[in-house]
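Asks: Could you have a look at this structure, given as structure tokens, before my questions?
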Amino acid sequence: MDHEEAIPVLRVQDAAAAVAWYGRGGFVSQWEHRFEPGFPAFVEVARGGVRLFLSEHEGDARPDTLVYLRVRDVDAVAAEFGVRAQDAPWAREVELRDPDGNRLRIGTPTR
């Protein structure tokens, strides 16, 4: 490992559906782990240098978690989801909710 990082863990009910939803935002599945077939999935998705862990395991996280993501082009993300980005003093942003209720505030810095 050549750097340190924090990776948010988001609770999801259906990892495959969550991976598809995050795929719309440019995330790609990196790997999936299950302790045994039929057990809950734990998946990593990545978009450039941004990583998220999506977990079907109860207790790993709670829905309604807020994660802030900085991206180069928030308007492209907003267009994919059919919403409009808004200007804040620090960034142009959009807030999305994934199918499990997790909140993603996504912004392109303006400073």
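The values are calculated or read from the model by the stated rules, or taken from the named source; none is laboratory data. Here the structure is a predicted model, which is why all the values come from computation and not from measurement. Cβ: placed from backbone, ideal geometry, glycine included. Neighbour counts: every protein chain shown. These accessible areas exclude ligands, DNA and RNA; they are computed on the full protein's heavy atoms, side chains included. Shrake-Rupley method; radii C 1.70, N 1.55, O 1.52, S 1.80 Å.
Asks: Looking only at region 95-108, filter to residues that are part of a strand (DSSP E or B) and charged (D, E, K, R); which one of those is least open to solvent (accessible area, probe 1.4 Å)? Quick ask: steps written out before the conclusion?
Replies: Within region 95-108, the first condition is being part of a strand (DSSP E or B), and the residues that meet it are 95-97, 103-108.
Cutting the leftovers down to charged (D, E, K, R) gives us 95, 97, 103, 105.
Values: GLU95: 84, ARG97: 130, ARG103: 54, ARG105: 72 Å².
This residue is ARG103.
Asks: Within region 6-54, track down each residue that is among the polar types (S, T, N, Q), part of a strand (DSSP E or B) and under 19 Å from PRO99 (Cβ atoms). Quick ask: steps written out before the conclusion?
Replies: The first filter runs over region 6-54 and keeps only residues among the polar types (S, T, N, Q), leaving 13, 29-30.
Next, only the ones that are part of a strand (DSSP E or B) stay: 29-30.
Within region 6-54, SER29 is the sole residue that qualifies.
Asks: Among the listed residues ARG92, ARG111, which satisfies the condition of being over 13 Å from the mean Cα position of the chain (by Cα), of a type outside the set (A, V, I, L, M, F, W, C), over 17 Å from ALA17 (Cβ atoms) and assigned to a loop (DSSP other than H, G, I, E, B)?
Replies: Working: ARG92 fails: assigned to a loop (DSSP other than H, G, I, E, B).
The match here is ARG111.
Asks: Which of the residues belonging to region 1-44 are of a type in the set (S, T, N, Q) and open to solvent by less than 60 Å² (accessible area, probe 1.4 Å)?
Replies: SER29
Asks: Are any of the residues in region 74-93 among the charged types (D, E, K, R), closer than 20 Å to ILE7 by Cα and either open to solvent by 70 Å² or more (accessible area, probe 1.4 Å) or in contact with a Pro (Cβ under 7 Å, 6 or more places away or on another chain) (or both)?
Replies: No, the conditions are met nowhere in region 74-93.
Asks: Further question on the same structure: Could you please give the count of residues in region 20-51 that are in contact with a helix residue (DSSP H, G or I) (Cβ under 7 Å, 6 or more places away or on another chain), of a type in the set (Gly, Ala, Ser) and without any contact (Cβ under 8 Å) to a residue 40 or more places away in the chain?
Replies: 2
Asks: I've got another one for you. Exactly one condition in (1) at pLDDT below 95; (2) surrounded by fewer than 18 Cβ atoms within 10 Å (Cβ to Cβ); (3) of a type in the set (Gly, Ala, Ser) is not met by ALA61; state its number.
Replies: So ALA61 meets the others, but not (2).
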